[in-house]
């Protein structure tokens, strides 16, 4: 065999390693678009925020809007519902965390923490059961909040899970009142 | 691979355990590592590997495009535009797929012409050649149906014209055409079945490719001299020799491919396909994709009735006949010498045939009027004459050049001869080993 | 892996060669046929080039009744987005958008373009929002089942000026104005041989904007004497599909007010709107060319490495 191999083994090894590494880098770069295309596309992301006019909601009324393909309930709670919500002893709760995207992740699940300051009457919440994704029925169940017909999870008037297989309180999305009658979700 | 020849010895316990139960690593080793190839293969032989890469790339990009595409006449055009505008990296995947089809055909044409030049279809490789022809037919069907999916003007009218071929068949033609279309004209049912078949056919191609490679590994590669392998000095192992050479060929090919994808993505397409299909408005001048143009020219060249066959049926028959010629090549060529390297007359005819094919392609892109029609008729005549006259007759009367005794002898001769004329190639190939 | 038949093969060839020689005398007539066949091939190849020229000449002769369109080839302009490092000129795109909004949008829809994508033109999110709100979008149905009008939001697309194609055709003398979203890619005059070969190396991909610009500036020319211009159409020698088109000259000097001091001429308007339409048709052009450069550089380096490896692997083997 040739003399060059014996003289210069390092150069040959370097060449093989460099070529192999370039092939790996190339393969990785090619793989990316194939994964990238699975992410939500630009038109889907553009709909990730919706504005809702809530001027027509009297206390005790709710409306449901679709946000990111899921129902979000906006409820103007009655005095009684708010009192029931505040009266709950946090130690009794199955899930002690607020699950409010506007607050730190470790915020406790007080009634106030489930709403937004100054607008405590208003519940804005993704109306999807945290068990397996069914849509709970409003103002049903023993706590006067929500009741999931699929597997019997029960939520109170602040959307906190009180009984049944659901592990977490229903989640509160990022939202804000942009005026007294308008909410932006997302 | 011929049985009993395997040199695979598993090194680890797991390897032996696996080998005793399902010798897949042995198959891979025998087929892609130890598999012997002639040492004198040139870069024309890298196109087999390039085609495998292109098939894989088309299937992969196609699968992800199908995740965003909607096969409905009201949605198809917009769903493709959504891919181009909104889907992450969608423009890249779509341009890779549409240009990939073109470059798949570039590669397959080089592969076919290589086979014709070096006589790779001759015994014992007839079946290998025919399997290749079947792959080519499947590719044409896949390419045609894929071009319909974006639902632009050319998609629609291309589909209308091509399915119209079948209406030329006497008696049952209209019935067959309606069967293909699922209606009286190209519409959603047509689009939907084309999408289904466009997704299916590439996997059938992959299946025939497996057979093609199997047949290849039974008879072994042909080579530029056309002389069969005779001794161990004629061959090298597939890995690393052929693998690294194929890899380099692929990268050069991918470079040209990438140049088109990123800088000229619409160069090989037609502007009319960016206008949504309109069943009430025919474009001024319908042309198929470039890779069908020679056949399109042959179709249009038959402007006259031939006895009881009218010109429409005649055109369709001529077109299908021009493809059928390829299947017959192993038996049309009567020469005992394989490679055009040693056949001066065949070499001349081969190159004339290449020019004729390119000319037919160009004529297919021009309007069928004036002197173009006559030229297309002459070029069609030459096309058929090449297969039906030149191939059989040349083999009988041509005097071949002297053949070397073996591949090794040819290689040594070439390197010696090259030393005088091309000093660069002499330094590039230091002679140490027989 | 050595086929047995191969051993006998070349010996057989030697024998066959001699028999073939004997046959030549008999096959002399055949050879004549083949020679004429080869000549036919050569003549055909030569003819190809000659005919193209001849047909081009034919066209030039009959000025009043041309048969091939457009009568004039589009003028090739300098575009900022041409070439391997091309980028859009954002100021130009903003001007082009203004021309579209104030002139073209009266008849032409652009339904594939969403307001949100106008951020590519250099507008802020707030500006895009304000721009979208200028438009009225028909939405619905609401809870009562009625369609209603609301101001546009960024995720909306440009609304069409006519409710449907039939209405568009009826209002425009029977020809519906084409949607403009893809116009810059849907138009292009055939380049012909050999120019299309050169185009590969010059990366000419601006046929669409060149055509649109030429068409918009081509209304000034007078038809040659004796040419029949159909009623209700307008002569334009740059039009691809005939001597004249239904669309009257849409632009005049000082028709659209530019805030950045660019000349308010028909030529400038049509350049700007052509560039804008190119963006509308190919919004990811810059991204594509940038990615392409990286890919080609990588392939060049990787190819060099593989070539060196290949040289090394084959160093001891003559081939």
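The values are calculated or read from the model by the stated rules, or taken from the named source; none is laboratory data. Quick caveat, the model's predicted, so the values are computed rather than measured. Methodologically, a virtual Cβ is constructed for each residue, glycine included, from the backbone with ideal geometry; neighbour enumeration extends over all protein chains shown.
Which residue out of B:412, B:403, B:352, B:388 is farther than 27 Å from residue C:68 by Cα, facing chain C (nearest Cβ under 9 Å) and at pLDDT 95 or above? The unique qualifying residue is B:352.
Is it the case that some residue within segment A:85-102 is in contact (Cβ under 8 Å) with a residue 24 or more places away in the chain, under 18 Å from residue A:184 (Cβ atoms), more than 14 Å from every other protein chain (Cβ to nearest Cβ) and part of a loop (DSSP other than H, G, I, E, B)? Yes: one or more hits. Filtered by the rule that a residue be in a helix (DSSP H, G or I) and within 27 Å of residue C:173 (Cα to Cα), segment C:222-270 gives C:266, C:267, C:269, C:270. The residues of segment B:371-384 that are surrounded by fewer than 20 Cβ atoms within 10 Å (Cβ to Cβ) and within 8 Å of another protein chain (Cβ to nearest Cβ), listed by number, are B:371, B:378, B:381. For segment C:202-216, the criterion of being part of a helix (DSSP H, G or I), within 11 Å of chain B (Cβ to nearest Cβ) and within 24 Å of residue B:86 (Cβ to Cβ) is met by at least one residue. Just one of (1) surrounded by fewer than 17 Cβ atoms within 10 Å (Cβ to Cβ); (2) within 10 Å of another protein chain (Cβ to nearest Cβ); (3) modelled with pLDDT under 95; (4) touching a helix residue (DSSP H, G or I) at 6+ places or on another chain (Cβ under 6 Å) fails for residue B:368. It is (2).
The criterion of being touching a helix residue (DSSP H, G or I) at 6+ places or on another chain (Cβ under 8 Å), more than 9 Å from chain B (Cβ to nearest Cβ) and either under 25 Å from residue B:85 (Cβ atoms) or surrounded by fewer than 17 Cβ atoms within 10 Å (Cβ to Cβ) (or both) holds for residue A:59. Just checking, does segment C:164-171 include any residue being touching a residue at least 24 places away in the same chain (Cβ under 8 Å), under 20 Å from residue B:81 (Cβ atoms) and surrounded by 13 or more Cβ atoms within 10 Å (Cβ to Cβ)? Looking through segment C:164-171, at least one residue is touching a residue at least 24 places away in the same chain (Cβ under 8 Å), under 20 Å from residue B:81 (Cβ atoms) and surrounded by 13 or more Cβ atoms within 10 Å (Cβ to Cβ). Of the residues making up segment B:76-111, those that are away from chain A (no Cβ under 14 Å) and more than 27 Å from the chain's Cα centre (by Cα) are B:76, B:77. Of all residues in segment B:391-400, those being in a helix (DSSP H, G or I), in contact with a helix residue (DSSP H, G or I) (Cβ under 7 Å, 6 or more places away or on another chain) and facing chain C (nearest Cβ under 10 Å) number 5. Looking across segment B:268-285, not a single residue is facing chain C (nearest Cβ under 7 Å) and under 20 Å from the mean Cα position of the chain (by Cα).
Each row is one residue, and each column tells you yes or no for (1) within 14 Å of another protein chain (Cβ to nearest Cβ); (2) surrounded by 12 or more Cβ atoms within 10 Å (Cβ to Cβ); (3) touching a helix residue (DSSP H, G or I) at 6+ places or on another chain (Cβ under 6 Å).
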{"residue": "B:14", "(1), (2), (3)": "no, no, no"}
{"residue": "B:18", "(1), (2), (3)": "no, yes, no"}
{"residue": "B:24", "(1), (2), (3)": "no, no, no"}
{"residue": "B:34", "(1), (2), (3)": "yes, yes, no"}
{"residue": "B:41", "(1), (2), (3)": "yes, yes, no"}
{"residue": "B:47", "(1), (2), (3)": "no, yes, yes"}
{"residue": "B:60", "(1), (2), (3)": "yes, yes, no"}
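When residues in segment B:179-233 are screened for being more than 15 Å from residue B:128 (Cα to Cα), assigned to a loop (DSSP other than H, G, I, E, B) and out of contact with any strand residue (DSSP E or B) (no Cβ under 6 Å at 6 or more places or on another chain), 13 of them pass. The single residue among B:251, B:162 that is within 30 Å of residue C:302 (Cβ to Cβ) and either surrounded by 15 or more Cβ atoms within 10 Å (Cβ to Cβ) or within 14 Å of another protein chain (Cβ to nearest Cβ) (or both) turns out to be B:251. Any idea which residue in segment C:260-294 is surrounded by the most Cβ atoms within 10 Å (Cβ to Cβ), counting only those that are farther than 24 Å from residue B:82 by Cβ and within 14 Å of chain B (Cβ to nearest Cβ)? Out of the qualifying residues, it is C:293. The condition (being outside any loop (DSSP other than H, G, I, E, B) and either over 23 Å from residue A:181 (Cα atoms) or under 23 Å from the mean Cα position of the chain (by Cα) (or both)) is satisfied by just one residue among A:35, A:135: A:35. Quick one: would you say residue C:311 is at the interface with chain B (Cβ under 9 Å from one of its Cβ atoms) and farther than 19 Å from residue C:185 by Cα? For residue C:311, the condition - at the interface with chain B (Cβ under 9 Å from one of its Cβ atoms) and farther than 19 Å from residue C:185 by Cα - is met.
Is it the case that residue B:361 is surrounded by fewer than 20 Cβ atoms within 10 Å (Cβ to Cβ) and on the phi < 0 side of the Ramachandran plot? It is true that residue B:361 is surrounded by fewer than 20 Cβ atoms within 10 Å (Cβ to Cβ) and on the phi < 0 side of the Ramachandran plot.
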